[in-house]
Amino acid sequence: MKTFTTLLYLFCSALVCSAKSPHILFIVADDLGWNDVGFHNPDMITPNIDKLAYSGLILNQAYVQPVCTPSRNSWMSGYFPFRSGLQHLVILPQQATCAPLNRTYLPQELKKLGYATHMIGKWHLGFCSWDCTPTYRGFDSFFGYYNGAEDYYSHVIQKGKDFRDDKKPTEADGEYSAHVYAKRARQIINDHNATQPMFLYLPFQSVHEPIQVPKKYEDMYSQIKNDGRRKYSGMVTAMDEAIGNITQALKERDMFDDTLILFTADNGGWPTYSGNNYPLRGSKTTVFEGGTRAASFITGAGINAKNETYNGMLHAVDWMPTLVAAAGGSISNADMDGMDQWTNIQTRTPSKRTEFVYNLDDMNPPLTGHAAIRYGNYKLIQGYPGMYPGWYKPATVEVNQEIEELPYERYDEKTWAGQNMLFDLDADPNEHNDLSREHPDIVKKMSDMIQEYKRKMVPANYPANDPKSDPSNYDGFWTPGWC
Ligand SMILES: *[C@@H]1O[C@H](CO)[C@@H](O)[C@H](O)[C@H]1NC(C)=O
Ligand SMILES: *[C@@H]1O[C@H](CO)[C@@H](O)[C@H](O)[C@H]1NC(C)=O
Ligand SMILES: *[C@@H]1O[C@H](CO)[C@@H](O)[C@H](O)[C@H]1NC(C)=O
Ligand SMILES: *[C@@H]1O[C@H](CO)[C@@H](O)[C@H](O)[C@H]1NC(C)=O
């Protein structure tokens, strides 16, 4: 046994692994576009994010789902949304449903490895029953909200308050959410006994609509004449400051060097709300690269890199087994879609992944239905790719004309029904050249692959609104207990 341990130790030190489980900080930026971080766009003021990104590995092909709920389902469970009934848009506040309860979530796996587990921010995986909420899905503490969006100061969405400390409804104190969440993260870090590994899942409210930010941050972009883009840019910078404060807290507690930090958007930016994915094509809600290729990096404990990029193909479902591996464990569930990419990332060897499903949405085909998959450098899209399918530069003028003047038929579902689009993303990462007519053989092969995937599909679970959800039944708070 002793020899084995010694061997293991030598083996590990020769590579890049460490015996100690790292602290893990998993930061999500909501609706952040590809072109909305300083490490992709020098016009953005994100010094803290950039410093972290440049001290680690910028992930060039880290894919997510086109909208919020499905990405979060992927991270927490390691299962694709189309295998979870979550492939159609997002869970609405009044829908009596939540992400499948029969799956073991990432924090539950990390608890088995001895981690303290905390969550701060946006859940959006359903809350109609307490079983659906973070408190019952592996988090020792939860501070944040259950729905997809709300006012940044009052925490109100659709006339209901949505803000909790564990299960306790909490009144707003008027402070901007980036500051509120940074303060809580600092408190958790300060109170943590660092001999135990800590997992902090930090899905920020920033920078989802509504477009709100303290004036101080907006004023840092006074050269931008477009009101929405100026405020949105300020929102990104406020979040960046929060991240700076949190890394500072880790440093003060001597935890920083032992922390693995993953940063990712949950989907692309939304040009209608001033997010920007240029030069990538499309928007949040589309299966184009602009909706699904996340601004992302990984840095810190176990990542022995400095200002490098990793071009291997990663999907949101991979983070669950990958972070468990980083923590020293392993997932043995052959049914799971996620792949453990930890060693591949650490050693910059090619990704284990050669294909993935962007989405399979079976609701009301052929109109809203779509399918999109990746196979090597090829991507096939069938049907309606989603709203705002063009290329949009950041708005600098007062009226964002490119968006305002987009002819309706360009995002009318009927125009796309039954269509195939094929792209070679190596040669054409911005999806300008549809090759479907030139390569009918590849279209055929990938259509067959889509049919295979569809055999594993769970029908979209998208129930009608349930009046029992009404916050007026619960002292004005969106509250579990009605499903
Ligand atoms: C878990 O739930 C999903 C979605 O409802 C279902 O498709 C799957 O069969 C369930 N898995 C097991 C092992 O019961
Ligand atoms: C970061 O910390 C500074 C100093 O405590 C504070 O003034 C600032 O408001 C904090 N910013 C955020 C976004 O938390
Ligand atoms: C932290 O935990 C370790 C191991 O359980 C214990 O020995 C130590 O006293 C704790 N430190 C503090 C400050 O509580
Ligand atoms: C990181 O690398 C890029 C290109 O390789 C370079 O432009 C940039 O200055 C570098 N940044 C830092 C902080 O090293």
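Please verify whether segment 185-193 includes one or more residues that are on the phi < 0 side of the Ramachandran plot, surrounded by 16 or more Cβ atoms within 10 Å (Cβ to Cβ), more than 16 Å from ligand 3 (Cβ to nearest atom) and not aromatic (Phe, Trp, Tyr). Before the answer, list the steps.
Let us first name the residues in segment 185-193 that are on the phi < 0 side of the Ramachandran plot, namely 185-193.
Within this subset, residues satisfying the condition of being surrounded by 16 or more Cβ atoms within 10 Å (Cβ to Cβ) are 185-186, 188-189, 192.
Then keep just the ones that are more than 16 Å from ligand 3 (Cβ to nearest atom); that gives 185-186.
From the residues that got through so far, the ones that are not aromatic (Phe, Trp, Tyr) too are 185-186.
Yes.
Given the condition over 27 Å from GLY476 (Cβ atoms) and either outside any loop (DSSP other than H, G, I, E, B) or touching a strand residue (DSSP E or B) at 6+ places or on another chain (Cβ under 8 Å) (or both), answer yes or no: does some residue in segment 207-216 qualify? If you could, list the steps in order and put the result at the bottom.
Pass one, segment 207-216, residues over 27 Å from GLY476 (Cβ atoms): 215-216.
This time we only want the ones that are either outside any loop (DSSP other than H, G, I, E, B) or touching a strand residue (DSSP E or B) at 6+ places or on another chain (Cβ under 8 Å) (or both), so: 215-216.
Yes, because at least one residue in segment 207-216 is over 27 Å from GLY476 (Cβ atoms) and either outside any loop (DSSP other than H, G, I, E, B) or touching a strand residue (DSSP E or B) at 6+ places or on another chain (Cβ under 8 Å) (or both).
Quick check: is even one residue across segment 222-242 within 22 Å of TYR115 (Cα to Cα), touching a residue at least 12 places away in the same chain (Cβ under 8 Å) and of a type in the set (A, V, I, L, M, F, W, C)? If you could, list the steps in order and put the result at the bottom.
Taking segment 222-242 and keeping what is within 22 Å of TYR115 (Cα to Cα), we get none.
For segment 222-242, residues within 22 Å of TYR115 (Cα to Cα), touching a residue at least 12 places away in the same chain (Cβ under 8 Å) and of a type in the set (A, V, I, L, M, F, W, C): absent.
Checking the structure you have, find out if any residue of segment 72-88 is assigned by TED's automatic domain parsing to the domain that holds ALA325, within 23 Å of TRP482 (Cα to Cα), aromatic (Phe, Trp, Tyr) and crowded, with 23+ Cβ neighbours inside 10 Å.
No, that holds for no residue.
Return yes when TYR201 is of a type outside the set (Lys, Arg), surrounded by 24 or more Cβ atoms within 10 Å (Cβ to Cβ) and under 20 Å from CYS483 (Cβ atoms) and no when it is not. Steps first, please.
Details: of a type outside the set (Lys, Arg): yes; surrounded by 24 or more Cβ atoms within 10 Å (Cβ to Cβ): yes; under 20 Å from CYS483 (Cβ atoms): no.
For TYR201, the condition - of a type outside the set (Lys, Arg), surrounded by 24 or more Cβ atoms within 10 Å (Cβ to Cβ) and under 20 Å from CYS483 (Cβ atoms) - is not met.
Condition first: in contact with a Gly (Cβ under 7 Å, 6 or more places away or on another chain), buried (at least 23 other Cβ atoms within 10 Å of the Cβ) and closer than 16 Å to PHE204 by Cβ. Now tell me which residues in segment 123-175 satisfy that.
TRP123, HIS124, GLY144
Can you work out which of the residues in segment 204-224 that are within 16 Å of ligand 2 (Cβ to nearest atom) and charged (D, E, K, R) is surrounded by the most Cβ atoms within 10 Å (Cβ to Cβ)? Can you show your working first?
The initial filter retains those residues of segment 204-224 that are within 16 Å of ligand 2 (Cβ to nearest atom), namely 204-207, 212-220.
Add one more test, that the residue is charged (D, E, K, R), and what stays is 215-216, 218-219.
Values: LYS215: 9, LYS216: 11, GLU218: 21, ASP219: 11.
Here the residue is GLU218.
What pairs come up if the first residue lies in segment 178-207 and is under 25 Å from ALA149 (Cβ atoms), the second is within 15 Å of ligand 2 (Cβ to nearest atom) and assigned to a loop (DSSP other than H, G, I, E, B), and their beta carbons are under 6 Å apart, counting only those six or more places apart or on different chains?
Close Cβ pairs (under 6 Å, with a partner that is within 15 Å of ligand 2 (Cβ to nearest atom) and assigned to a loop (DSSP other than H, G, I, E, B)) amount to ALA178/SER206.
Report whether or not THR343 is in a strand (DSSP E or B) and either within 16 Å of ligand 1 (Cβ to nearest atom) or outside the structural domain of ALA427 (by TED's automatic domain parsing) (or both).
Working: in a strand (DSSP E or B): no; either within 16 Å of ligand 1 (Cβ to nearest atom) or outside the structural domain of ALA427 (by TED's automatic domain parsing) (or both): yes.
Here the answer is no, as THR343 does not meet what is asked.
Taking segment 86-132, which residues are more than 19 Å from the chain's Cα centre (by Cα), closer than 29 Å to GLY328 by Cβ and assigned to a strand (DSSP E or B)?
ALA116
Would you check if ASP240 is within 16 Å of ligand 4 (Cβ to nearest atom) and in contact with a helix residue (DSSP H, G or I) (Cβ under 8 Å, 6 or more places away or on another chain)? Full working, then the answer.
On the way: within 16 Å of ligand 4 (Cβ to nearest atom): yes; in contact with a helix residue (DSSP H, G or I) (Cβ under 8 Å, 6 or more places away or on another chain): yes.
When the stated conditions are applied, ASP240 passes them.
With ILE331, ILE381 as the choices, which residue is modelled with pLDDT of 75 or more, surrounded by 20 or more Cβ atoms within 10 Å (Cβ to Cβ) and closer than 25 Å to TYR79 by Cα? Before you say what the answer is, go through the steps one by one.
Values: ILE331 fails: surrounded by 20 or more Cβ atoms within 10 Å (Cβ to Cβ).
Exactly one of ILE331, ILE381 is modelled with pLDDT of 75 or more, surrounded by 20 or more Cβ atoms within 10 Å (Cβ to Cβ) and closer than 25 Å to TYR79 by Cα, namely ILE381.
Looking at THR322, THR264, THR299, can you tell me which residue is without any contact (Cβ under 8 Å) to a residue 60 or more places away in the chain, under 28 Å from TYR115 (Cβ atoms) and β-branched (Val, Ile, Thr)?
Details: THR264 fails: without any contact (Cβ under 8 Å) to a residue 60 or more places away in the chain; THR299 fails: without any contact (Cβ under 8 Å) to a residue 60 or more places away in the chain.
Within the list THR322, THR264, THR299, the selection yields THR322.
List, please: which pairs have Cβ atoms under 9 Å, are six or more places apart or on different chains, and start with a residue in segment 41-61 that is at pLDDT 95 or above and end with one that is basic (Lys, Arg) and surrounded by 17 or more Cβ atoms within 10 Å (Cβ to Cβ)?
ASN60/ARG293; GLN61/ARG293
Within 18 Å of TYR273 (Cβ to Cβ) and among the hydrophobic types (A, V, I, L, M, F, W, C): which single residue out of ILE189, ILE157 fits that description? Step through it out loud before you land on a result.
On the way: ILE189 fails: within 18 Å of TYR273 (Cβ to Cβ).
Residue meeting the stated conditions: ILE157.
Taking GLY282 as meeting all but one of (1) closer than 23 Å to VAL180 by Cβ; (2) crowded, with 24+ Cβ neighbours inside 10 Å; (3) of a type in the set (Gly, Ala, Ser); (4) touching a residue at least 60 places away in the same chain (Cβ under 8 Å), write down the number of the exception.
(1)
Yes/no matrix, rows are residues, columns are (1) part of a helix (DSSP H, G or I); (2) surrounded by fewer than 24 Cβ atoms within 10 Å (Cβ to Cβ):
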| residue | (1), (2) |
| --- | --- |
| GLY234 | yes, no |
| THR237 | yes, no |
| ASN267 | no, no |
| TYR278 | no, yes |
| THR286 | no, no |
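Does segment 225-247 include one or more residues that are within 21 Å of GLY138 (Cα to Cα), away from ligand 2 (no atom under 16 Å from the Cβ) and assigned by TED's automatic domain parsing to the domain that holds LEU110? Outline the logic, then answer.
To start, the set of residues in segment 225-247 that are within 21 Å of GLY138 (Cα to Cα) comprises none.
Within segment 225-247, not a single residue is within 21 Å of GLY138 (Cα to Cα), away from ligand 2 (no atom under 16 Å from the Cβ) and assigned by TED's automatic domain parsing to the domain that holds LEU110.
What is the residue count in segment 272-320 for residues that are within 16 Å of ligand 1 (Cβ to nearest atom) and of a type in the set (Val, Ile, Thr)? Steps first, answer last, please.
Going residue by residue through segment 272-320, those that are within 16 Å of ligand 1 (Cβ to nearest atom) are 317, 320.
Applying the additional criterion that residues be of a type in the set (Val, Ile, Thr) yields 317.
Residues in segment 272-320 being within 16 Å of ligand 1 (Cβ to nearest atom) and of a type in the set (Val, Ile, Thr): 1 in total.
The values are calculated or read from the model by the stated rules, or taken from the named source; none is laboratory data. From a predicted model like this one, the values you see are computed outputs, not experimental measurements. Ideal geometry is used to build each Cβ from the backbone, glycine not excepted, and the neighbour counts take in all protein chains shown.
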